[in-house]
Amino acid sequence: MKVLLFDIDGTLIRAGGSGRKALNRAAHVLYGHKKACSELTLAGRTDLYNFGQAYRKATGRKPTRAAVERLHQEYLKHLPYYVRSSIRCGDYHIPPGLRTLLKHLSRDKNILLGLGTGNMEKGARIKLEPSGFNVYFLFGGYGSDSFHRPALLRKAVVRARKLAREPFRPDDVYVIGDTPLDVAAGKKAGFKTIAVGTGFAEWKDLVASKPDHLARDYRNLKRWRLLFQLS
């Protein structure tokens, strides 16, 4: 068995900053602050972290779990609008070759496709819905599971073991992401890492993060099969 854990933003899709826009809108509605996260670096982090930072920026107060959850629920009210808006504006993008790769991998009985994302689960599904990719990912680790990326990746693997047809080892788990933070989290969790140049990081920074593998995009199907050691 091989377990493949895909990040979402910049890795599976690019949604025109819909998450950032929805979070800004939520903070504006709740606290009157128009650009609470405009200057924050969100890519590669968890929503628990991002919502906490936005709350701190908007209010000047230390975030509590209750405050973060309130912001989360308000964010979910606005996220579908901004995702639809990104589609209307032509800002919703799927990386080259990804549709073909996922379709191919989903047919392999020795592969489990999962999510390893800092997005809360509901937000993750909203962002993925226009792509049609939700059907490929029956499990995952989410920002709602942990403040820390390595912990949510390990949670995804716990869920994968319940679905697996046979045992697998940590080196059969691949974390696929578009930022050095994705690579660092995968390494810390004890899994293999693949960095893709489809998102928000500079290529030189991806190289410097020293993942197990690097790929510009998903177009070379044969090479991707070799990365996962598939016959």
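The values are calculated or read from the model by the stated rules, or taken from the named source; none is laboratory data. These numbers come from a predicted model, not from an experiment. Neighbour counts are summed over all protein chains in view; Cβ atoms, including those assigned to glycine, are modelled from backbone coordinates with ideal geometry.
Restricted to region 88-135, and to residues that are surrounded by fewer than 15 Cβ atoms within 10 Å (Cβ to Cβ) and among the hydrophobic types (A, V, I, L, M, F, W, C), which residue is farthest from residue 219 (Cα to Cα)?
89
Has region 26-40 got at least one residue that is of a type in the set (S, T, N, Q) and either in contact (Cβ under 8 Å) with a residue 24 or more places away in the chain or touching an Asp or Glu at 6+ places or on another chain (Cβ under 8 Å) (or both)?
No; the residues of region 26-40 include none that is of a type in the set (S, T, N, Q) and either in contact (Cβ under 8 Å) with a residue 24 or more places away in the chain or touching an Asp or Glu at 6+ places or on another chain (Cβ under 8 Å) (or both).
Just the residues that are at pLDDT below 95 and in contact with a Leu (Cβ under 7 Å, 6 or more places away or on another chain), please, taken from region 207-227.
Matches in region 207-227: 221, 224.
Say we look at region 14-43 and pick out the residues that are surrounded by fewer than 24 Cβ atoms within 10 Å (Cβ to Cβ) and under 15 Å from the mean Cα position of the chain (by Cα); which of these is modelled with the highest pLDDT?
14
Residue check: is residue 81 among the aromatic types (Phe, Trp, Tyr) and buried (at least 16 other Cβ atoms within 10 Å of the Cβ)?
no
Filter region 60-78 for residues that are in contact with a Lys or Arg (Cβ under 7 Å, 6 or more places away or on another chain) and in a helix (DSSP H, G or I); which is surrounded by the fewest Cβ atoms within 10 Å (Cβ to Cβ)?
76
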